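**Student:** Provided herewith is a single structure, encoded as structure tokens, for subsequent inquiry.
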Amino acid sequence: MDLRPISAPSAAEGLRGYAAQVTILLDRTGAETLTVQIVAQIRTGIQDGRIAVGSRLPSSRRLADQLQVARNTVVRAYEQLHDEGLVSIRPAAGIFVLAPQARPALSPALPAMRIETPMTGRARPRVPPRVQRLNDAQSSRLSFDFYPGRPAEALFPVKTWRRLMQSAVSGGLRRGMTHYGDPAGLSALRAAIANHLGAWRGIATDPGLVVIVSGAQEGLSIAARLFIEPGTPVVVENPCYQGATFAFEAAGAAVHRVPVDEDGLITARLPEVGATLAYVTPGHQFPTGATLSMARREGLIAWARRQGTYIVEDDYDSDFQYDGSPLPPIAAMAPDCTIHVGTFSKSLGPGLRLGYLVVPPALADAAVAVKALLDNGNGWLDQHVLAELVRSGSFVSHLLRARGHYREARDTAITALRRHFGDVDLAGTGAGLHMCWQLPPGVPPAATLEAMARKARLGVYSLASAGAYDGLDTALARRGIVFGYAAMAPRQIEQGIARLSDLVDDKLDGSPGFLSELLVSEPLSQVPRSEPAPRNRYKPALRAAPPARAVSAPNALSEDPMQIVRGIYRYPIKGMSAQPVNGITLEAGKPFPFDRIFALARPNVPIDRYDPKWAKKGLFVMLMIDEALAEVRTELDPDSLVFRASSEREEVFRADLRIDEGRRALERFVQDLVPTLGNAPHLVQSRQGHFMDKPDSVISLINLATLRALEELWGRPLDPLRFRANFYVDGLRPWQEFDLVGSDIRLGDAVFRVDRRNGRCGATNVNPRTGKRDMDIPGALRARFGHKDLGVYLVTQKSGKVVVGDPLAVPGLGGSAAPAEAAAVLPPTPSPGGRFICRGCYYIYDEIAGAGVPFAELDASWLCPDCGSEKSAFRPYVPAGFEPSRTGSSRRRD
């Protein structure tokens, strides 16, 4: 027997035309001919997938030479494979593997191996108990991905990198690529990094103390190999970076976790255990974003020197400081006891896989020795290019350009989060590429929100998914989101956060039982919020409103006598009936007076009765869920705060809401009215704002012409109060309100900026007269128009009074695009035409005009192609003019 592998390049699956590596074992003493053996073994290799479809087999001459057989033997073998349909013989090109056909093998592929003594004590690999997974194969499916710490692709200096690489290739490429380099790294790169750290971070070091590594993770592994044996005490922050704690655990360390707060690691809690290493991220703590205060830096250094501990300083994203001056790194304050870990993964990109260690002189030789054992140094080409990038000053120019971009992205993210989630609790906004968001009441736990968002093609990440580890199981682990923003454009950030907000609202609309997941009963604040700059508090939804459409005088507007204000309404208590008013005086930048100034918080929700904050609607009593509210009509006297409720024109309740007795009486009244609440709700009053569904000071406007157009298309009346707007105007063209976004309009004496369109949720499906869900407005809008917007939000620009009948003045605009034909708005019923609607995103699956596959025949694992919702989230969708029959099919109405 002789084993003769073919010396040919390896063929990876999918690489067409590459020569396949074939291992053939010939038994020259057996009964089978050599041709049969060659055929059988190549056939088995193709059928097993070891020889990829499309790969090129060795030529007959070459295979014969390697196997030391006659060429005709190989020729006959190839002809047999060709007859079986396994290979294609192309003259002057070669022999190529075709897709194998299912057929029994003519002979065994390999002779049976005789094992005289079975193996009984096979060694097992030593696998680390936990390994961090940073690559997400499904992330490419996400429409908006807020993964933390990922730099923007568009900012990578491609042209400069290409130029420097071409220069390297034409220069010392041959020697650099054919010789082993110094395990510590290219000397030019070490010198460039040492100079950069001195000028940029204030760390005075010698190039001989710099060790080039494959990213921060390898640097942490080197530190672990230097000092950790089984049982060695190591101190880490809590929560902290997974890669650090997992590397220390894999080396056998006894990990001691020290909590962090708004000033970083709590040094008063450092243990006196003789730890060899203490891992910290002082510049921008991961994941909380806290900055270690100067006093605590000094305390940490004193503790380390007293304990004989080396501080491992992970300086992963401190290149990006947005507010104020950065504090000095610990390596600059105590170079004798600090192992400084740096990386280019955040500044350039993790695909580069280059970082560095700056070690004390006593550790330099040992660190290089460990690096040599790991991989004997990094590749020459990337090191050479990076050295030139840093040395030439191009790297600093890139950092300054990226800092401006990331600051704008951060500001956009803060503004959008506040617009859609209220007074959000954010930490770590002053630096880095992420911030820590503690989810407010009314939003589900982090893991639930992450799973919901992923189905809707949104990437938001809990601590564990973001690469953080909380060994103390704090509330932050359950309610914290590590929110990255650097990799996305500002408009993408705005759209993604708006979709996330709608996702929470839509989930509640479609699944009232989801309410239980919103009732948070644990304290939320582990890391107090660091307040961003005041300029981030309020911004218009449009990033660039057209200046030519703003107005400063009446003659800048097109005023039509028929364009008038038909109705003005406020809703003094959120969730209860509308109260018409004849006129209202508005202040610039302020909300509609006495609109949603009160709200009824559900029993046991975490809302302070005496100092309530804005929260998502799920925490409050509302008509969409508590339909009994429709049984009464309510009004509030804004001067006396006397509240009245009536039923069938007869007053059934009255209370003075200025006093506790009146408030408690209203709570008991609502408890009796809505017995499903169980206990009495809590009446809360906004001190400065309101409890509208959107936290910013916006006013809702509905164009009655649009409603009439929808009534005509849908063939049924629409109660305008279904949309719970403040202003109802007439005289515009249908849908013209969308053309006004970004413009200034005048109602009466007041001037308003049309800020954005109003995306409708399931609350509009509820009949305000009965409390019943009798329409599907968001689904109908989305089915035909591709959106679910109806009406617009206004922001008061100039104070003034608006009275019913006042004229409406708008800029002179061109014709409004006619909307597509509207879909039917009917209660959910069986579908007559094979159409099914997704409750997650209102995608319509059409059996007839679309895929041609009956919905019932789709596999149970089928997902919505738009948002990723499961098949069970779909329900039948009924077009206009049909109603269900008793048999479950549908018939035409007479």
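The values are calculated or read from the model by the stated rules, or taken from the named source; none is laboratory data. A quick note: this is a predicted structure, and the numbers were derived from the prediction, not measured. Here the Cβ is made from the backbone with ideal geometry for all residues, glycine too, and neighbour counts use every protein chain on show.
**Student:** Would you confirm, using the coordinates I've provided, whether ARG654 is without any contact (Cβ under 8 Å) to a residue 24 or more places away in the chain, touching a strand residue (DSSP E or B) at 6+ places or on another chain (Cβ under 8 Å), of a type in the set (Lys, Arg) and over 24 Å from THR764 (Cβ atoms)? Quick ask: steps written out before the conclusion?
**Tutor:** On the way: without any contact (Cβ under 8 Å) to a residue 24 or more places away in the chain: yes; touching a strand residue (DSSP E or B) at 6+ places or on another chain (Cβ under 8 Å): yes; of a type in the set (Lys, Arg): yes; over 24 Å from THR764 (Cβ atoms): yes.
For ARG654, the condition - without any contact (Cβ under 8 Å) to a residue 24 or more places away in the chain, touching a strand residue (DSSP E or B) at 6+ places or on another chain (Cβ under 8 Å), of a type in the set (Lys, Arg) and over 24 Å from THR764 (Cβ atoms) - is met.
**Student:** Checking PRO717 against (1) without any contact (Cβ under 8 Å) to a residue 60 or more places away in the chain; (2) closer than 21 Å to SER501 by Cα, which single condition isn't satisfied?
**Tutor:** (2)
**Student:** Restricting to segment 241-271, and then to whatever is among the hydrophobic types (A, V, I, L, M, F, W, C) and under 28 Å from GLY377 (Cα atoms), can you tell me which residue is surrounded by the most Cβ atoms within 10 Å (Cβ to Cβ)? Steps first, please.
**Tutor:** Just the residues of segment 241-271 that are among the hydrophobic types (A, V, I, L, M, F, W, C), to begin with: 244, 246-248, 250-251, 253-255, 258, 260, 265-266, 268, 270.
Next cut, under 28 Å from GLY377 (Cα atoms) only: 244, 246-248, 250-251, 253.
Numbers: ALA244: 29, PHE246: 20, ALA247: 27, PHE248: 25, ALA250: 17, ALA251: 19, ALA253: 24.
Only one residue tops the list, namely ALA244.
**Student:** Quick one: would you say ASP672 is touching a Leu at 6+ places or on another chain (Cβ under 9 Å), surrounded by fewer than 19 Cβ atoms within 10 Å (Cβ to Cβ) and free of Cβ contacts under 8 Å to residues at least 24 places away in the same chain? Talk me through it step by step, then tell me what you get.
**Tutor:** On the way: touching a Leu at 6+ places or on another chain (Cβ under 9 Å): no; surrounded by fewer than 19 Cβ atoms within 10 Å (Cβ to Cβ): yes; free of Cβ contacts under 8 Å to residues at least 24 places away in the same chain: yes.
So ASP672 fails the test.
**Student:** Report yes if some residue within segment 406-428 is basic (Lys, Arg), touching a Pro at 6+ places or on another chain (Cβ under 6 Å) and part of a helix (DSSP H, G or I); otherwise report no. Explain how you work it out, then say what you get.
**Tutor:** Of the residues in segment 406-428, the ones basic (Lys, Arg) are 407, 410, 418-419.
Now restrict to residues that are touching a Pro at 6+ places or on another chain (Cβ under 6 Å): none.
Looking through segment 406-428, none of the residues is basic (Lys, Arg), touching a Pro at 6+ places or on another chain (Cβ under 6 Å) and part of a helix (DSSP H, G or I).
**Student:** Specify which of the listed residues (PHE653, PHE669) is more than 26 Å from GLY422 (Cα to Cα), touching a Phe, Trp or Tyr at 6+ places or on another chain (Cβ under 6 Å), modelled with pLDDT of 90 or more and outside any strand (DSSP E or B). Steps first, answer last, please.
**Tutor:** Details: PHE653 fails: outside any strand (DSSP E or B).
Just one listed residue meets the conditions, PHE669.
**Student:** Can you tell me which residue is nearest to LEU790 (Cα to Cα) among those in segment 721-732 that are within 36 Å of the chain's Cα centre (by Cα) and not polar (S, T, N, Q)? Before the answer, list the steps.
**Tutor:** Kept after step one, since they are within 36 Å of the chain's Cα centre (by Cα), are these residues of segment 721-732: 721-727.
Filter once more, keeping what is not polar (S, T, N, Q): 721-725, 727.
On the way: LEU721: 13, ARG722: 12, PHE723: 9, ARG724: 12, ALA725: 11, PHE727: 13 Å.
Ranking the candidates gives PHE723 first.
**Student:** Return the pair list, or none, for Cβ contacts closer than 8 Å from residues in segment 694-707 that are touching a residue at least 12 places away in the same chain (Cβ under 8 Å) to residues that are assigned to a loop (DSSP other than H, G, I, E, B) and β-branched (Val, Ile, Thr), at least 6 apart or on different chains.
**Tutor:** none
**Student:** Further question on the same structure: With respect to PRO282, is the statement that it is at pLDDT 95 or above and under 16 Å from ARG201 (Cβ atoms) true? Spell out how you get there, then give the answer.
**Tutor:** Values: at pLDDT 95 or above: yes; under 16 Å from ARG201 (Cβ atoms): yes.
Spelling it out, PRO282 is indeed at pLDDT 95 or above and under 16 Å from ARG201 (Cβ atoms).
**Student:** Looking at ASP411, ASP423, which one is outside the structural domain of VAL169 (by TED's automatic domain parsing), more than 25 Å from LEU189 (Cβ to Cβ), at pLDDT below 95 and not small (Gly, Ala, Ser)?
**Tutor:** Values: ASP411 fails: at pLDDT below 95.
Result of the check over ASP411, ASP423: ASP423.
**Student:** Consider SER861 against the criteria (1) at pLDDT 70 or above; (2) polar (S, T, N, Q); (3) crowded, with 17+ Cβ neighbours inside 10 Å: it satisfies all of them except one. Which criterion is unmet?
**Tutor:** Every listed condition holds for SER861 apart from (3).
**Student:** Among (1) under 36 Å from the mean Cα position of the chain (by Cα); (2) of a type in the set (D, E, K, R); (3) in a helix (DSSP H, G or I), which single condition is GLU712 missing?
**Tutor:** For GLU712, the exception is condition (1).
**Student:** Failed condition for ILE6, given (1) modelled with pLDDT of 80 or more; (2) touching a helix residue (DSSP H, G or I) at 6+ places or on another chain (Cβ under 6 Å), with all others met?
**Tutor:** (1)
**Student:** With segment 756-851 as the region, which strands (runs of 3 or more DSSP E) entirely inside it contain at least 3 residues that are touching a His at 6+ places or on another chain (Cβ under 7 Å) and either at pLDDT 75 or above or surrounded by 19 or more Cβ atoms within 10 Å (Cβ to Cβ) (or both)? Talk me through it step by step, then tell me what you get.
**Tutor:** Details: elements: 789-798, 800-803, 807-810, 835-838, 844-846.
Answer list for segment 756-851: none.
**Student:** Still on this structure: Can VAL621 be described as within 22 Å of ALA725 (Cβ to Cβ) and either assigned by TED's automatic domain parsing to the domain that holds PRO440 or surrounded by 22 or more Cβ atoms within 10 Å (Cβ to Cβ) (or both)?
**Tutor:** Details: within 22 Å of ALA725 (Cβ to Cβ): yes; either assigned by TED's automatic domain parsing to the domain that holds PRO440 or surrounded by 22 or more Cβ atoms within 10 Å (Cβ to Cβ) (or both): yes.
In short, yes.
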